[in-house]
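Everything on this sheet refers to the single structure shown next.
The values are calculated or read from the model by the stated rules, or taken from the named source; none is laboratory data. Here the structure is a predicted model, which is why all the values come from computation and not from measurement. Here Cβ is always computed from backbone atoms with ideal geometry, including for glycine, and neighbour counts include all displayed protein chains.
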Amino acid sequence: MDKKNSSSSSVRDSVLKPLEDAGLSGFHWRTWFTAGMGFFTDAYDLFIIGVVTALLTPIWHLTTFDLMLVNSTALFAAVLGALIFGRLMDRLGRKTVYGIEAMLLTGGAILSAFAPNLFFLIVFRFIVGIGVGGDYPMSGIIMSEYSNRKRRGFLVNSVFAMQGFGLLVGPAVAAALLASGVSDPVAWRLMLGLGAIPAAVVIWLRRSIAETPHFMLGAKGDVQGAAQVVGDLTATKVESSGEVEPLSNSGSMLFRNRHFLITLLGTAFSWMFLDMAFYGNSVSSSLVMKALSPTGSLLTHTLTSMFIFLIAAVPGYWVSALTIDRLGRKFIQIMGFLIMAVAYGVLWLVPGIAQQTTEFLLVYAVSYFFIEFGPNSTTFVFPSEVFPVTVRGLGFGISASAGKFGAAIAAFLFPLLLLRWHLSGTMGLLSVISLMGAILTWLALRESKGLTLREASHEHLMESGNPEPKAGT
């Protein structure tokens, strides 16, 4: 690294040090709530569709193929949304585009509630999906870039943990409407339309978020502006002398540099494997419950799903958030994948367990807990940390897109798999996918706990032009 690059690196580290060393304070919690409310909405919008399609099937006479389309449309759209917003936030800045994805969520939810037929419902769910996909890189990266070194995992993970409440509220709203006697043609529209309320709150919250100091320094070279923001947030005097050269925002860096390419493969495909295992049985949970108990009512199936979310999924998110900075991202991700593989393997290999409701639900709940404790949280945290600031949105966007592509494929095929392979055979496939996720994590990803964001992302490779990180970094 030449003197000029060394000086730029020193200035960046000096300006950001108070932010990295700061204890948890009000601005952390404000940012967490602002970002987290988006994930609450994302989860509600994504998972309520399973109940909606169960209601719509007799009303619109939906075929299995229709179910596959409606269940997966928002997820396929999220693939595109994550890529678009990930790249826009690198080009235009975090603040400039933050909140646009919430507008799409709001508009898409309202339009979906008034869909006159299947075609328009699919179109409007596509709009929702673009917003959901865009929210992943936006919220994860903004929280990461405002976090401190020691609690970054907790803060980013806590944003994602808000998804757990969306998972819980969705079935609760559905159960309340079903139990209230509201007619099915009205109930499904209310379920979709109510998703606009939290999304509208998010629009207002997000416009008050300032540009992150990491982006101001890395992409704009704005030392004084970054120092001002860091000083305001941490109530300290931050030295703003010196100049820095903006880093390149060429996306080819992720593919030309061996370290970044391996990291990208690790974050993208581990997320894809996780979402293939997770979203298939989550979005289609009502179908899983129906396969387990064919004579049960939709209300019973919805309440059962909600109970599993309550006792397994929600605690799993927060156990992950509270332990990730001690146990590490890599350990938690591998452990979660392995336990998922075992749980799904039991549901596959133990004869007759699919006919034993209590035993099946117990193992199913265990798998849910370790999905949330494990890779469903860490696959969100990793890409918010391990890519340089000017391509962080792109790296996160590609990773989230790969995840949502896996989720869409799973949601699309899950009804057909249940029909062809039945419950046990489908769980066997999820077991193999989970094992692949554990192996990939072990081979491709490096631990980032306790590191500054610049250390975790190896930004020095972009500053120096070195093709590879030094051994041990």
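Here VAL70 meets each of (1) under 15 Å from VAL123 (Cβ atoms); (2) under 17 Å from the mean Cα position of the chain (by Cα) with one exception, condition (2).
Of the residues making up the range 245-264, one or more are surrounded by fewer than 24 Cβ atoms within 10 Å (Cβ to Cβ), of a type in the set (A, V, I, L, M) and outside any helix (DSSP H, G or I).
Within the range 380-387, identify whether any single residue is of a type in the set (Asp, Glu), outside any helix (DSSP H, G or I), closer than 30 Å to LEU88 by Cα and touching a residue at least 24 places away in the same chain (Cβ under 8 Å), and answer yes or no. There is at least one residue in the range 380-387 that is of a type in the set (Asp, Glu), outside any helix (DSSP H, G or I), closer than 30 Å to LEU88 by Cα and touching a residue at least 24 places away in the same chain (Cβ under 8 Å).
Screening the range 329-344 for residues that are of a type in the set (A, V, I, L, M) and buried (at least 24 other Cβ atoms within 10 Å of the Cβ) and picking the one that is farthest from the chain's Cα centre (by Cα) gives ALA343. Exactly one residue out of LEU419, LEU429 is over 16 Å from the mean Cα position of the chain (by Cα), in a helix (DSSP H, G or I), over 20 Å from GLY133 (Cβ atoms) and at pLDDT 80 or above: that is LEU429. Looking at PHE396, PHE331, just one residue is touching a helix residue (DSSP H, G or I) at 6+ places or on another chain (Cβ under 6 Å), assigned to a helix (DSSP H, G or I) and not hydroxyl-bearing (Ser, Thr, Tyr), and that residue is PHE396.
Rundown of residues vs (1) without any contact (Cβ under 8 Å) to a residue 12 or more places away in the chain; (2) over 21 Å from PHE309 (Cβ atoms); (3) buried (at least 24 other Cβ atoms within 10 Å of the Cβ), yes/no style:
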position: VAL346; (1), (2), (3): no, no, no
position: ASN376; (1), (2), (3): no, no, yes
position: ARG392; (1), (2), (3): no, yes, yes
position: PHE396; (1), (2), (3): no, yes, yes
position: ALA407; (1), (2), (3): no, no, yes
position: HIS422; (1), (2), (3): no, yes, no
position: LEU435; (1), (2), (3): no, yes, no
position: GLU447; (1), (2), (3): no, yes, no
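Which one is modelled with the highest pLDDT, of the residues in the range 297-319 that are small (Gly, Ala, Ser) and surrounded by 16 or more Cβ atoms within 10 Å (Cβ to Cβ)? Per the criteria, the residue is GLY316. Taking ALA74 as the residue in question, decide whether it is over 30 Å from SER250 (Cα atoms), of a type outside the set (D, E, K, R) and surrounded by 16 or more Cβ atoms within 10 Å (Cβ to Cβ). In short, no. Here ALA408 fulfils each of the conditions (1) within 30 Å of GLY352 (Cβ to Cβ); (2) at pLDDT below 90 apart from (1). Looking only at residues in the range 143-194 that are of a type in the set (Ser, Thr, Tyr) and outside any helix (DSSP H, G or I), the one that is modelled with the lowest pLDDT is SER183. Taken over the range 197-224, the criterion of being part of a loop (DSSP other than H, G, I, E, B) and of a type in the set (S, T, N, Q) is satisfied by SER208, THR212. Of the residues contained in the range 226-234, none is found to be among the hydrophobic types (A, V, I, L, M, F, W, C), crowded, with 20+ Cβ neighbours inside 10 Å and outside any helix (DSSP H, G or I). The residue of the range 52-86 that is nearest to LEU118 (Cα to Cα), among those that are at pLDDT 95 or above and not hydrophobic (A, V, I, L, M, F, W, C), is GLY81. Per the conditions (1) closer than 28 Å to TYR344 by Cβ; (2) at pLDDT below 80, the sole criterion not satisfied by ALA471 is (1).
Condition check: hydroxyl-bearing (Ser, Thr, Tyr), within 20 Å of PRO171 (Cβ to Cβ), crowded, with 21+ Cβ neighbours inside 10 Å and modelled with pLDDT under 85. Does SER285 satisfy that? Yes; evaluated as a whole, the condition is true for this residue. Against the numbered list (1) at pLDDT 90 or above; (2) under 30 Å from GLY251 (Cα atoms); (3) in a helix (DSSP H, G or I); (4) among the aliphatic types (A, V, I, L, M), LEU322 comes up short only at (2). Considering GLY166, GLY193, the condition of being touching a residue at least 40 places away in the same chain (Cβ under 8 Å) and crowded, with 18+ Cβ neighbours inside 10 Å is satisfied by GLY166 alone. Can you find, within the range 109-134, the residue that is farthest from GLY195 (Cα to Cα) among those that are without any contact (Cβ under 8 Å) to a residue 40 or more places away in the chain and in a helix (DSSP H, G or I)? Applying the filter and picking the extreme gives PHE119.
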